[in-house]
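What follows is a short report on a single structure.
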Protein chains: 2
Amino acid sequence: MPPLDDRFHVYDTTLRDGAQQEGLNLSVPDKLAVARHLDELGVGFIEGGWPGANPKDTEFFRRARTELALQKAQLAAFGATRRPGVKAADDPLVAALRESGAPVVTLVAKSHDRHVELALRTTLDENLAMIADTVAHLRAEGHRVFLDAEHFFDGYRSNPAYAVEVVRTAADAGADVIALCDTNGGMLPGELAEVIVGVDERTKARLGIHCHDDSACAVANTLAAVDVGVSHVQGTANGYGERCGNANLFSVVANLQLKKGRTVLPDGGLGEMSRIAHAIAEVTNITPNSHQPYVGMSAFAHKAGLHASAVKVDPMLYQHIEPALVGNDMRMLVSDMAGRASVELKGKELGYDLSGDRETLSRVVERVKELESRGYTLEAADASFELLLRDELAGERRRHFEVESWRVIVERRPDGSLLSEATVKLYAKGERMVATGEGNGPVNALDRAVRLGLERIYPELASLELVDYKVRILEGSHGTGAVTRVLIESGDGEAEWGTVGVDENIIAASWDALADAVTYGLLRGGHDLD
Amino acid sequence: MPPLDDRFHVYDTTLRDGAQQEGLNLSVPDKLAVARHLDELGVGFIEGGWPGANPKDTEFFRRARTELALQKAQLAAFGATRRPGVKAADDPLVAALRESGAPVVTLVAKSHDRHVELALRTTLDENLAMIADTVAHLRAEGHRVFLDAEHFFDGYRSNPAYAVEVVRTAADAGADVIALCDTNGGMLPGELAEVIVGVDERTKARLGIHCHDDSACAVANTLAAVDVGVSHVQGTANGYGERCGNANLFSVVANLQLKKGRTVLPDGGLGEMSRIAHAIAEVTNITPNSHQPYVGMSAFAHKAGLHASAVKVDPMLYQHIEPALVGNDMRMLVSDMAGRASVELKGKELGYDLSGDRETLSRVVERVKELESRGYTLEAADASFELLLRDELAGERRRHFEVESWRVIVERRPDGSLLSEATVKLYAKGERMVATGEGNGPVNALDRAVRLGLERIYPELASLELVDYKVRILEGSHGTGAVTRVLIESGDGEAEWGTVGVDENIIAASWDALADAVTYGLLRGGHDLD
């Protein structure tokens, strides 16, 4: 492992504090996968969890030793100081930290006097002794020790002298960094920076910062802390975390590198950030926030007709950074609000030169508006948009096949077994085809039936694959009744494309998206529609 | 209308700048509905759109005159300064502003020298003349005029003297407020405050602030501006807006009132904020961000077992504000990470005293963990959790009815018409029932069939209603293959309850959630399971 620049720490706590997020459940293989992604990004430390406190985290550290060959990051084990009244060496949870195999141990300690009394149920002095003993013990055992001072800012408000004493005690006992935690997330940047300056004046400790987003200021709070000298920043991938989430490490790091001129990631890390953010979201199974700063799908997307025409002149007048710096792209959105300029740019992106064809442009804009008013979204379905564009350029709707009818049956039999069966009746190249497919669900059965029916004529459909399937119920608050929107992502091993279907009936909406997906796959396979 | 306190403005731009968000499409009735919600919250100004620039916004202002009886807010019409080389009085877009009926006009003007040259294609002097003329003309016509200085902070970096000259020109011509816009959203709080102080020293203008969240600092930037004297803050409901969104007005207002001690909403407004945030999300059809500060469903939700036990001692040790202040609630989450303490608290919330029953608690925790590992989420399905709890308390699974089999057929016929038909075979009270229902989709048909089958025995099922239906595909990155999770919200006119089903097959998952929903509805109707 190359020696790390230790002067500034990027410390990730996705696997521990981030995992507290509602709806987020990580298995041990998930945690290993996330750790590999974070290592690739180049964070300095990855907090893996709390060994001893739950079996999953113990297992994670066990497997990490053999399966996780980190290139850049060091693993940190999280845990509490020894319990009141026992020796650190005798506390089984401290033993679990010792035995975790992680080179770094991050201890969490109370720094708020009322938490010591009410939650820990011990004296203020015993809490200080617990900190000193545990830090010293782990140091003697060869660990590097960081300390999370929990509820620090609220504690400082309640009893500043005690909160500072906690920092001093930990540092004197040998903790390398004391991370001040805004555990309840209520701080604002100005007030937070003032407290840090106060602590800095009264101790010699190296300080870190750990923020939550309950006041919508987690990233700004973290930057404010760095501005006053903090050199260890904690955060989580995509801002995962309990309640409103933790400081989003991606936003923090991008701001530090691109706005504050500090190099905090190894070379090349920042440019991989968008890809890694999405890869981690795949593992966590949390739908990526498309509006996430820097890495979101929409972070550099332009919709307004007003902007779209000017963006053609000089893109940098309309974006705060060059998107490629964080591995993201500028996107033009086709939508209700789009004028001809956006559609023209979008067409160009897809390889169609519409610059001279005002009439087609206007027709496409009209069709897009009409479809979106019915619940379609073409922004996420480039392939459906391209088919629409081709229809308008050709002046008619052209497809490789026409549908006579289809039928789907899903049945739970008395023995509890499930059957999903679909029959499609199609015409293609003058022939009528009837095919039946079975699947693990209705859409899977429909997909198989349509490909089975067409495979004789178009054998390459065998390589077509349904990659992702998304369903959204659009509520009936527009007086039109609820409709279901289905987005399908398909692939042929080389590329992926998105299609959309909308209907009251989820199966019919799925069929429409599926039919577009197959049509687009055939176009990609070289089957023109002329 | 009571006279507004004009010393501090809360200015909402949801209907104009917020509507630029990808995926957000508002009809005229939608815009009227959002305006009513914002008025109820108590914002000072509601920017309704750009009359004349698009027919929808023109229509909005026309209908607002008769249909929108605002109690607290004033309506603002947004538009550009006159075009180069024409008189303000002769510009048709300026005329549209005059004729909008809105008491306030907010003009957008370029303040970045390169934007003037490249996007506006005129001279720096003509741009100043356009500002002065248009402001003076609208003032003479009796309007109050605000000015949005677009791309102000980037412009200040490019040519500070010119950017300041724009502010001075507008103020001299009679604009009441010059809102400095971080249009590209790239600023950080310290740098932004410095610029504002610089402008403040060189003009006598009243300054406002308009931020975007591209650096994840929109709220902090807005607060930093207020800290240096800005008295007009712009933002959008739920932070809607292009790319990464605008400053979230709800977070800004809550921070100002609860953290900065400034009263910026009329009495009672803040306590309605969570309800209004969700009501607006219903209109916009954007899934509410459950992690949104202050108003999100998870903003005061506690998951960790560690916290849950201490929360029992003193909730205020674990939250930055009292949730009721913003109309939100503390919630205990039942989840994978929950220990017995969380389940006990959750049971109490539902009316079950489990405090003495450690064995049942442990069994429930085990069941929850097992279900969540298979993709269930009980956090959003209180009714399914309560049924699980009852099963464990009873020591067996008890239901009002048992299923023999069911079958769903969805068919598109050759004439294009759609059929959805479901048949269920059930046992209840010793009887066997077979019923067939039709619907506008497979789940609707199943719902009708099961209620039709049971209605003879349980007539009150007629009042049961499926209120919401959500589908999530949990991707197969866990090595288990993709499963579908269905959440159903049901109601009986008095209360609503959530149930969950998980299966590879979307119809089977829907059935499971539906069966729980009906069971819970019967329990509510007084049909015990003993």
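Could you please find all residues in the stretch A:304-322 being in a helix (DSSP H, G or I), modelled with pLDDT of 85 or more and surrounded by fewer than 19 Cβ atoms within 10 Å (Cβ to Cβ)?
Going through the stretch A:304-322, the residues in a helix (DSSP H, G or I) turn out to be A:305-311, A:315-318.
This time we only want the ones that are modelled with pLDDT of 85 or more, so: A:316-318.
A:Met316, the sole residue that qualifies.
Residues being small (Gly, Ala, Ser) and either outside the structural domain of B:Glu465 (by TED's automatic domain parsing) or out of contact with any Ser or Thr (no Cβ under 6 Å at 6 or more places or on another chain) (or both): count how many of those fall in the stretch B:502-520. Please lay out each step first, then the result.
Narrowing the stretch B:502-520 to residues small (Gly, Ala, Ser): B:508-510, B:513, B:515, B:517.
Filter once more, so that each one left must be either outside the structural domain of B:Glu465 (by TED's automatic domain parsing) or out of contact with any Ser or Thr (no Cβ under 6 Å at 6 or more places or on another chain) (or both): B:508, B:510, B:515.
Summing the residues that are small (Gly, Ala, Ser) and either outside the structural domain of B:Glu465 (by TED's automatic domain parsing) or out of contact with any Ser or Thr (no Cβ under 6 Å at 6 or more places or on another chain) (or both) in the stretch B:502-520 gives 3.
So which of A:Glu411, A:Glu344, A:Glu366 is under 35 Å from the mean Cα position of the chain (by Cα), farther than 16 Å from A:Asp512 by Cβ and within 14 Å of chain B (Cβ to nearest Cβ)?
Numbers: A:Glu411 fails: under 35 Å from the mean Cα position of the chain (by Cα); A:Glu344 fails: within 14 Å of chain B (Cβ to nearest Cβ).
Unique residue meeting the criteria: A:Glu366.
Considering the stretch B:213-236 alone, what residues qualify as being surrounded by fewer than 22 Cβ atoms within 10 Å (Cβ to Cβ) and more than 27 Å from A:Leu249 (Cα to Cα)?
The answer is B:Val228, B:Gly229, B:Ser231.
Here is a list of conditions, (1) of a type outside the set (Gly, Ala, Ser); (2) more than 10 Å from chain A (Cβ to nearest Cβ); (3) open to solvent by 20 Å² or more (accessible area, probe 1.4 Å), and B:Asn444 meets all of them except one; can you say which number that is?
For B:Asn444, the exception is condition (2).
Regarding A:Gln257, is this residue modelled with pLDDT of 95 or more and away from chain B (no Cβ under 13 Å)?
Working: modelled with pLDDT of 95 or more: yes; away from chain B (no Cβ under 13 Å): no.
Answer is no for this residue.
Looking at A:Val443, A:Val500, A:Val471, which is the one that is in contact (Cβ under 8 Å) with a residue 24 or more places away in the chain, in a strand (DSSP E or B) and touching a helix residue (DSSP H, G or I) at 6+ places or on another chain (Cβ under 6 Å)?
Unique residue meeting the criteria: A:Val500.
Could you please give the count of residues in the stretch A:379-395 that are open to solvent by 40 Å² or more (accessible area, probe 1.4 Å) and at pLDDT below 90?
Going residue by residue through the stretch A:379-395, those that are open to solvent by 40 Å² or more (accessible area, probe 1.4 Å) are A:380, A:382, A:390, A:393-395.
If we keep only those that are at pLDDT below 90 as well, we get A:380, A:382, A:393-395.
Count: 5.
Anything in the stretch A:23-69 that is part of a loop (DSSP other than H, G, I, E, B) and open to solvent by 30 Å² or more (accessible area, probe 1.4 Å)? List them, or say none. Before you say what the answer is, go through the steps one by one.
We begin by selecting, within the stretch A:23-69, every residue part of a loop (DSSP other than H, G, I, E, B); these are A:23-27, A:42-44, A:50-54, A:68-69.
A:Gly23, A:Asn25, A:Ser27, A:Trp50, A:Gly52, A:Ala53, A:Asn54, A:Ala69, listed by residue number.
Identify the residue in the stretch A:158-180 that is within 34 Å of the chain's Cα centre (by Cα) and without any contact (Cβ under 8 Å) to a residue 40 or more places away in the chain and, among all such residues, is surrounded by the fewest Cβ atoms within 10 Å (Cβ to Cβ). Before the answer, list the steps.
The first filter runs over the stretch A:158-180 and keeps only residues within 34 Å of the chain's Cα centre (by Cα), leaving A:167, A:175-180.
Within this subset, residues satisfying the condition of being without any contact (Cβ under 8 Å) to a residue 40 or more places away in the chain are A:176, A:178.
Details: A:Asp176: 19, A:Ile178: 27.
The selected residue is A:Asp176.
From A:His143, A:His210, A:His151, which residue is on the phi > 0 side of the Ramachandran plot, touching a residue at least 40 places away in the same chain (Cβ under 8 Å) and open to solvent by less than 50 Å² (accessible area, probe 1.4 Å)?
Working: A:His143 fails: on the phi > 0 side of the Ramachandran plot; A:His210 fails: on the phi > 0 side of the Ramachandran plot.
The conditions single out A:His151.
Across the stretch B:92-104, what is the total count of residues that are open to solvent by 10 Å² or more (accessible area, probe 1.4 Å) and either out of contact with any strand residue (DSSP E or B) (no Cβ under 7 Å at 6 or more places or on another chain) or away from chain A (no Cβ under 14 Å) (or both)? Can you show your working first?
Step one: filter the stretch B:92-104 for residues open to solvent by 10 Å² or more (accessible area, probe 1.4 Å), giving B:92-93, B:95-96, B:98-99, B:101, B:103.
Applying the additional criterion that residues be either out of contact with any strand residue (DSSP E or B) (no Cβ under 7 Å at 6 or more places or on another chain) or away from chain A (no Cβ under 14 Å) (or both) yields B:92, B:95-96, B:98-99, B:101, B:103.
So the count comes out to 7.
Considering only the stretch A:422-430, I want to know if a residue exists there that is open to solvent by less than 30 Å² (accessible area, probe 1.4 Å), modelled with pLDDT of 95 or more, among the hydroxyl-bearing types (Ser, Thr, Tyr) and over 20 Å from A:Val500 (Cα atoms).
Yes, that holds for at least one residue.
Out of all the residues in the stretch B:51-73, is one or more within 21 Å of the chain's Cα centre (by Cα) and in contact (Cβ under 8 Å) with a residue 24 or more places away in the chain?
Residues of the stretch B:51-73 within 21 Å of the chain's Cα centre (by Cα): B:73.
Adding the requirement that they be in contact (Cβ under 8 Å) with a residue 24 or more places away in the chain leaves B:73.
Within the stretch B:51-73, one or more residues are within 21 Å of the chain's Cα centre (by Cα) and in contact (Cβ under 8 Å) with a residue 24 or more places away in the chain.
Say whether the condition of being in contact with a Leu (Cβ under 8 Å, 6 or more places away or on another chain), over 24 Å from B:His320 (Cβ atoms) and of a type in the set (Phe, Trp, Tyr) is met by at least one residue in the stretch A:142-154.
There is at least one residue in the stretch A:142-154 that is in contact with a Leu (Cβ under 8 Å, 6 or more places away or on another chain), over 24 Å from B:His320 (Cβ atoms) and of a type in the set (Phe, Trp, Tyr).
Taking the conditions exactly as written (open to solvent by 10 Å² or more (accessible area, probe 1.4 Å), more than 11 Å from chain A (Cβ to nearest Cβ) and not in a helix (DSSP H, G or I)), does B:Gly268 satisfy them or not?
Judged against the criteria, B:Gly268 is a match.
Among the residues of the stretch B:453-465, what is the count of those that are surrounded by fewer than 18 Cβ atoms within 10 Å (Cβ to Cβ) and aliphatic (A, V, I, L, M)?
Qualifying residue count for the region: 2.
What number of residues in the stretch A:503-530 are part of a helix (DSSP H, G or I), surrounded by fewer than 21 Cβ atoms within 10 Å (Cβ to Cβ) and not aliphatic (A, V, I, L, M)?
Result for the stretch A:503-530: 2.
Select from the stretch B:503-529 the residues that are touching a residue at least 24 places away in the same chain (Cβ under 8 Å) and among the acidic types (Asp, Glu) and write down the one among them that is nearest to the other protein chains (Cβ to nearest Cβ).
B:Asp512
Filter the helices (runs of 4 or more DSSP H) completely within the stretch A:151-251 down to those with at least 1 residues that are facing chain B (nearest Cβ under 9 Å).
Details: elements: A:152-158, A:160-173, A:189-202, A:218-227.
Helices (runs of 4 or more DSSP H) meeting the threshold: A:152-158, A:189-202, A:218-227.
Restricting to the stretch A:105-138, and then to whatever is more than 14 Å from chain B (Cβ to nearest Cβ) and among the polar types (S, T, N, Q), can you tell me which residue is farthest from A:Ile46 (Cα to Cα)? Before the answer, list the steps.
To start, the set of residues in the stretch A:105-138 that are more than 14 Å from chain B (Cβ to nearest Cβ) comprises A:105-107, A:123-138.
Now narrow it down to the ones that are among the polar types (S, T, N, Q): A:106, A:123, A:127, A:134.
Details: A:Thr106: 11, A:Thr123: 32, A:Asn127: 27, A:Thr134: 21 Å.
By that ranking, first place goes to A:Thr123.
Hey, can you tell me all the residues within the stretch A:275-299 that are touching a Pro at 6+ places or on another chain (Cβ under 8 Å) and either open to solvent by 30 Å² or more (accessible area, probe 1.4 Å) or assigned to a helix (DSSP H, G or I) (or both)?
Hits for the stretch A:275-299 are A:Ala277, A:His278, A:Ala281, A:Met297.
So, of the residues in the stretch A:357-378 that are modelled with pLDDT of 80 or more and assigned to a loop (DSSP other than H, G, I, E, B), which turns out to be nearest to A:Pro288 (Cα to Cα)?
Out of the qualifying residues, it is A:Tyr376.
Has the stretch A:143-164 got at least one residue that is under 20 Å from A:Arg7 (Cβ atoms), modelled with pLDDT of 95 or more and in contact with a Cys (Cβ under 6 Å, 6 or more places away or on another chain)? Steps first, please.
Within the stretch A:143-164, the subset under 20 Å from A:Arg7 (Cβ atoms) is A:144-147.
Within this subset, residues satisfying the condition of being modelled with pLDDT of 95 or more are A:144-147.
Imposing the further condition that a residue be in contact with a Cys (Cβ under 6 Å, 6 or more places away or on another chain) reduces the set to none.
For the stretch A:143-164, residues under 20 Å from A:Arg7 (Cβ atoms), modelled with pLDDT of 95 or more and in contact with a Cys (Cβ under 6 Å, 6 or more places away or on another chain): absent.
Quick one: B:Gly491 ticks every box in (1) among the small types (Gly, Ala, Ser); (2) over 22 Å from A:Val410 (Cβ atoms); (3) free of Cβ contacts under 8 Å to residues at least 24 places away in the same chain bar one, so which box is it?
(3)
Based on what the data block shows, is B:Lys429 more than 14 Å from chain A (Cβ to nearest Cβ) and not aliphatic (A, V, I, L, M)? Before you say what the answer is, go through the steps one by one.
Details: more than 14 Å from chain A (Cβ to nearest Cβ): yes; not aliphatic (A, V, I, L, M): yes.
Against the criterion (more than 14 Å from chain A (Cβ to nearest Cβ) and not aliphatic (A, V, I, L, M)), B:Lys429 qualifies.
Restricting the stretch B:396-408 to residues that are charged (D, E, K, R) and more than 9 Å from every other protein chain (Cβ to nearest Cβ), which is surrounded by the most Cβ atoms within 10 Å (Cβ to Cβ)? Even if it seems obvious, please write down each step before you answer.
To start, the set of residues in the stretch B:396-408 that are charged (D, E, K, R) comprises B:396-399, B:402, B:404, B:407.
Keeping just the survivors that are more than 9 Å from every other protein chain (Cβ to nearest Cβ) gives B:396-399, B:402.
Working: B:Glu396: 7, B:Arg397: 11, B:Arg398: 13, B:Arg399: 15, B:Glu402: 10.
So the residue we want is B:Arg399.
The values are calculated or read from the model by the stated rules, or taken from the named source; none is laboratory data. These figures come from a predicted structure and were not determined experimentally. Every residue, glycine as well, gets a Cβ built from its backbone with ideal geometry; the counts of neighbours run over all protein chains shown. These accessible areas exclude ligands, DNA and RNA; they are computed on the full protein's heavy atoms, side chains included. Shrake-Rupley method; radii C 1.70, N 1.55, O 1.52, S 1.80 Å.
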